[in-house]
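The values are calculated or read from the model by the stated rules, or taken from the named source; none is laboratory data. This one's a predicted model, so the numbers in the text were calculated from it and none came from an experiment. Note: ideal-geometry Cβ built from the backbone for every residue, glycine included; neighbour counts use all protein chains shown. These accessible areas exclude ligands, DNA and RNA; they are computed on the full protein's heavy atoms, side chains included. Shrake-Rupley method; radii C 1.70, N 1.55, O 1.52, S 1.80 Å.
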Amino acid sequence: MKGYIMKKIVIVICGIVLGISLWAGNSIFSFYGFPVRNYGRDIYSFGMGDTGASDVFRLNTGYANPAMHNRNNYTLFSTGMILGYTKYQSRFEGEKHSYRDDSLDFPYFNISIPINKHRLGIQFNSLSSGLVTNQRTLPDGSTETQTTDKYLYKADLIYSYSFKDVNLGMSVNYYFGHNKLYFSQTGNYSNFDTYESLLMDFKNPSVTFGAIKIFDKYSIGAHYNAPVTMKGELIRSCIHNTEPAVDYEYKLPELYCVSTTVKPLEQFKITADISYEPWESISHNYRDCYKAGIGFAYEPDTETHKHIFLKLPMRLGGSMRQLPFYDKNGNDIDEYAISCGLTLPLKNEVDRIDLGFQYLQRGALSTNNLSDTSMMLMIGFTGFDIISKGIDRTAPRDIPEKEEAE
């Protein structure tokens, strides 16, 4: 039965993936840049304000900070999914419009393997994205459609080392992604219909360094992502022809993150994270941006509580983020989120299901004439030894008969 429950969970995930279309919108601001950003934390962290880059007081499976060592002998597997609804709102020519779209994302998948005081791991992240389609009927009856589909992924090879009360780590990162823009106009006069597309892809490696200092009741951590210039091709097409591919670059600035985790009481925990990205170093069309979050967690001692609800770990938190790009009028775009979550421990010591809910507001009609309102259900799965199969000890065996003594 070892790992049996987690194997069934993985099968359920695959069924959900096959049953749901992966095409889902996520932000009305997608035409301006990459509005959705994942900072590499796990579902547990998402449920407490997307914080916890220094939280060593649990089995932390968010490896944005490669020094997240997990001082145990378990091989850990973790993945998650985020699904829900995003309501777009806009104000155009004095009229307010709204639309609700499905959202679906698989933010990470990782495996971490211990080797004495060392750990090796791999992680795949959905780093940032922007997906939306806009359709408008013109006064002459023709239909104008604009679509953007952009995704940036990050694959990590992680190494960490534990020395006394310090964890040190580094990861080799490989970034790759695409940015696809489509425009079409159709009407009752097919000779004048038009179609255009811009297809950009890019990729390149980088590196991340991290450290965590551990004390009895608190910890402090920091990590640094080096800047990267991703290179690829741009292909422009229209209804008449496709132009030859040309060189294309997409740059990411460095990222600095500092984090702290404090346990004021044995069963309570507070975390706070701040991330900073100097986007102005890439272009004056961007602004330097921050993301700050704070979270609170209740981690009960199951032996001291009789009520089952008081035995469940629970958490809540909030965050504020500045988007690096501006709206079409040059106004800042800000994002605010609150979240909560709980953990369902399974039979095995480290197997668990993390559940969370997030309410997010991005942009404001009063400032940007556009806004997103998202309500997301977050589900995370963590376990170990789910790949290997346990020995089957149920086969019949010959049992020797008792000999009669003379």
*Residue pairs meeting the criteria (Cβ under 8 Å; at least 6 apart or on separate chains; first among the small types (Gly, Ala, Ser), in the stretch 147-163; second outside any strand (DSSP E or B) and crowded, with 18+ Cβ neighbours inside 10 Å)*: SER160/PRO66; SER160/ALA67; SER160/MET68; SER160/HIS69; SER162/HIS69
*In the stretch 236-272, how many are under 30 Å from ALA67 (Cβ atoms) and either of a type in the set (Lys, Arg) or touching a residue at least 24 places away in the same chain (Cβ under 8 Å) (or both)?*
22
*Answer with yes or no whether PHE202 is open to solvent by 40 Å² or more (accessible area, probe 1.4 Å), of a type in the set (Phe, Trp, Tyr) and more than 17 Å from TYR63 (Cα to Cα).*
no
*At least 1 residues that are acidic (Asp, Glu) and over 30 Å from LYS87 (Cα atoms) in each: list the strands (runs of 3 or more DSSP E) lying fully within the stretch 128-243 that qualify.*
143-163, 228-238
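Is it fair to say MET230 is crowded, with 16+ Cβ neighbours inside 10 Å, in contact with a Pro (Cβ under 9 Å, 6 or more places away or on another chain), at pLDDT 95 or above and among the aliphatic types (A, V, I, L, M)?
On the way: crowded, with 16+ Cβ neighbours inside 10 Å: yes; in contact with a Pro (Cβ under 9 Å, 6 or more places away or on another chain): no; at pLDDT 95 or above: yes; among the aliphatic types (A, V, I, L, M): yes.
Against the criterion (crowded, with 16+ Cβ neighbours inside 10 Å, in contact with a Pro (Cβ under 9 Å, 6 or more places away or on another chain), at pLDDT 95 or above and among the aliphatic types (A, V, I, L, M)), MET230 does not qualify.
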*For the stretch 248-259, name all the residues that are open to solvent by less than 50 Å² (accessible area, probe 1.4 Å) and under 20 Å from the mean Cα position of the chain (by Cα).*
LEU252, PRO253, GLU254, LEU255, CYS257, SER259
_Contacts under 8 angstrom Cβ, first residue in the stretch 278-298 being under 12 Å from MET48 (Cα atoms), partner at pLDDT 95 or above and part of a helix (DSSP H, G or I), 6 or more apart_ = GLY295/SER45
_Please verify whether ILE111 is assigned to a strand (DSSP E or B), within 25 Å of ASN204 (Cα to Cα) and in contact with a strand residue (DSSP E or B) (Cβ under 7 Å, 6 or more places away or on another chain), treating the condition exactly as stated._
yes
*Would it be correct to say that HIS178 is at pLDDT 90 or above, under 20 Å from LYS231 (Cβ atoms), surrounded by fewer than 17 Cβ atoms within 10 Å (Cβ to Cβ) and in contact with a strand residue (DSSP E or B) (Cβ under 7 Å, 6 or more places away or on another chain)?*
yes
*asked:* Kindly evaluate THR137 against the criterion of being farther than 30 Å from PHE381 by Cα and either open to solvent by 10 Å² or more (accessible area, probe 1.4 Å) or in contact (Cβ under 8 Å) with a residue 12 or more places away in the chain (or both).
replied: yes
*Examine the stretch 267-286 for a residue that is in a loop (DSSP other than H, G, I, E, B) and touching a helix residue (DSSP H, G or I) at 6+ places or on another chain (Cβ under 8 Å), and state whether such a residue exists.*
yes
*Out of curiosity, is ASN60 over 12 Å from the mean Cα position of the chain (by Cα) and open to solvent by less than 10 Å² (accessible area, probe 1.4 Å)?*
yes
*Starting from the stretch 66-89, take each residue that is open to solvent by less than 20 Å² (accessible area, probe 1.4 Å) and list its partners that are of a type in the set (Lys, Arg), counting only C-beta distances under 7 angstrom and pairs at least six apart or across chains.*
HIS69/ARG119; ASN70/ARG119
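Across the stretch 146-175, which residue is nearest to LEU104 (Cα to Cα) among those that are aliphatic (A, V, I, L, M) and open to solvent by less than 60 Å² (accessible area, probe 1.4 Å)? Let's see the steps before the verdict.
Taking the stretch 146-175 as the starting set, the residues that turn out to be aliphatic (A, V, I, L, M) are 152, 155, 157-158, 166, 168, 170, 172.
Filter once more, keeping what is open to solvent by less than 60 Å² (accessible area, probe 1.4 Å): 152, 155, 158, 166.
Working: LEU152: 15, ALA155: 20, ILE158: 27, VAL166: 37 Å.
In this case the residue turns out to be LEU152.
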*Quick one: in the stretch 263-273, which of the residues that are in contact with a Phe, Trp or Tyr (Cβ under 7 Å, 6 or more places away or on another chain) and buried (at least 16 other Cβ atoms within 10 Å of the Cβ) is farthest from SER128 (Cα to Cα)?*
LYS263
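Go through the stretch 309-350 residue by residue and tally those that are of a type in the set (D, E, K, R), more than 18 Å from SER90 (Cα to Cα) and in contact with a helix residue (DSSP H, G or I) (Cβ under 7 Å, 6 or more places away or on another chain).
2
Every residue, every condition in (1) closer than 23 Å to ARG287 by Cα; (2) among the hydroxyl-bearing types (Ser, Thr, Tyr); (3) at pLDDT below 70; (4) touching a Lys or Arg at 6+ places or on another chain (Cβ under 7 Å), yes or no:
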site	(1), (2), (3), (4)
GLY15	no, no, yes, no
ILE20	no, no, yes, no
ALA24	no, no, yes, no
PHE31	yes, no, no, no
VAL36	yes, no, no, no
ILE43	no, no, no, no
PHE46	no, no, no, no
SER54	no, yes, no, no
ARG58	no, no, no, no
*Count of the stretch 66-107 residues which are among the polar types (S, T, N, Q) and assigned to a strand (DSSP E or B)*: 7
